[in-house]
Amino acid sequence: MVKSYRMNIRGLDSKMEEGIPEKHTVMVTGTPGTMKSSICYNFLYHNAKDEGVNGLFLTLEQDKDNFMFQLKKLGMGEPIEGKLNLYDMTTTREQWERMSKDAAGGGGQISTKNMDLETFKRQIETLKGVLNFELLVIDSLPVLEMMFKMDNPREDLFHFLKWLKTLGVTTLLISEMSQDSPKYSAHDIDFLVDGIIKVGLVPLDLTTTVRHIQVIKMRGVHHSTSPMALNFKNGEFEGIPVII
C-alpha cells in the first residue's frame, strides 16, 4: 500500500482519499496573498507533530526571522527540533547573485548557472542525509528560476524535477500565478508535476474577498476538483464547500 500524507486542511482532506501519495511532486500555486507558504508549512508541521514525519521547509524568499514572525502572528506552531526544520537559503541566494554580478562586471561571462544549480542540489542531498526528511517544501519556484538564470526554464525545470524524484521524498513546490493569466505556472510545467493545488482570491462583492482552494490534479488519487472556500482561524485551516 502506498503511503500518503494529509494536507491537514479540515474538509479538504476528506475529498482526497488518503492524501498526497509519497514521492509525489506537487505544485501549490496561486496569486499573491493566498497563504501558499502558510498552507505548505502547515502540511509539514502537522505531519511532523501528529505523524512523526520529518520535514524540511526550504525558503529562498523570506529570511528565517521574517518567516518566524509571520508564523507567530498567525498562531501557527514553531519548527519541531529533530522533526521539522526551517532552512534559510536567502543568504546563499544573495551570495550567488553577487558572484554573477562580479563575473559580469569583470568582463567575464555569467556561467555559474549550472555550477550553482549543482551546488544547490548537493546542499539538499546533504540536508537529506543529515535530517532524513520525507517531506520537502521549496519556496519558491519563481525565485529558483531567477537564482540560476535559466536560459531554457521549461527544460531546466524538467531536469530539476526529474532530479527531485531521485531524492525519494514528497515535495511541495510553491509557485506564483499572474493576476491576468489562468496559467498555473509561468512556463507551462503542469504536466511535469504529479499534482496541482490552486489557491485564489475570489471577490464576493465590492468590499469582500474570500480565499478558495482547489485540487486541480493529483495522480493516483480520486479527488474532488470543486473549489472550496478556505478559512483560517486559530492556527487551523478549513475547506468549506462552496454553495452556488
**Net dipole in debye of the range 117-216 [+1 Lys, Arg Cβ; -1 Asp, Glu Cβ; about Cα centre; nearest 20]** = 240 debye
**Request:** In debye, nearest 20, what is the charge dipole magnitude of the chain about its Cα centre with +1 on Lys and Arg Cβ and -1 on Asp and Glu Cβ, if you could check?
**Result:** 280 debye
**Message:** Could you give each residue of the range 183-188 its phi-based ³J(HN,Hα) in whole Hz, using Karplus coefficients 6.51, -1.76, 1.60 with θ = phi - 60°, and x for Gly or Pro?
**Reply:** 5, 7, 8, 5, 10, 6
**Item:** Å³ per residue enclosed by the Cα convex hull of the chain
**Value:** 144 Å³
**Message:** What FRET efficiency comes out for residue 14 versus residue 74 if R0 is 22 angstrom and r is the Cβ-Cβ distance? Round to the nearest 0.05.
**Reply:** 0.40
**Of 204, 131, 144, the one that fluctuates the most in a GNM where the chain has Cα springs shorter than 10 Å** = 204
**Prompt:** What ranking do 36-44, 175-183 get when scored by the average of other Cβ atoms within 10 Å per residue, highest first?
**Reply:** 36-44, 175-183
**Item:** Most positive-pole-ward Cα, 192, 91, 141, against dipole of the chain from beta carbon charges
**Value:** 192
**Prompt:** Using a probe of 1.4 angstrom, how much of the accessible area of the chain is carbon and sulfur, in percent?
**Reply:** 50 percent
**Complete:** Going residue by residue through the range 9-25, the Karplus relation 6.51 cos²θ - 1.76 cosθ + 1.60 with θ = phi - 60° gives ³J(HN,Hα) values, rounded to whole Hz and with x marking Gly or Pro, of 10, 4, x, 7, 4, 5, 9, 10, 6, 8, x, 7, x, 4, 6, 6, 10
**Item:** Karplus (6.51, -1.76, 1.60) ³J(HN,Hα), θ = phi - 60°, over the range 158-174, in Hz, Gly and Pro reported as x
**Value:** 4, 5, 5, 5, 5, 5, 3, 4, 5, 5, x, 10, 8, 10, 10, 9, 7
**Prompt:** With a sphere of radius 11 Å drawn around the Cβ of residue 6, what net charge do the other residues whose Cβ falls strictly inside it have (Lys, Arg +1; Asp, Glu -1)?
**Reply:** -4
**Prompt:** Counting Lys +1, Arg +1, Asp -1, Glu -1, what net charge surrounds residue 225 among other residues with beta carbon under 11 Å of its beta carbon?
**Reply:** +3
**Message:** Per DSSP helix of 4 or more residues, -39500 (n - 2.57); summed, then divided by the residues of the chain. What does that give at 222 nm, rounded to the nearest 500?
**Reply:** -11000 deg cm²/dmol
**Request:** For the range 2-96, report the accessible area per residue in Å² (1.4 Å probe, heavy atoms, rounded to an integer).
**Result:** 42 Å²
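The values are calculated or read from the model by the stated rules, or taken from the named source; none is laboratory data. Everything numeric here is computed off the predicted structure, so don't read it as measured data. Neighbour counts run over all protein chains shown; Cβ positions are idealised from the backbone, glycine included. Protein only, heavy atoms only, side chains kept; ligands, DNA and RNA dropped before computing areas. Shrake-Rupley method; radii C 1.70, N 1.55, O 1.52, S 1.80 Å.
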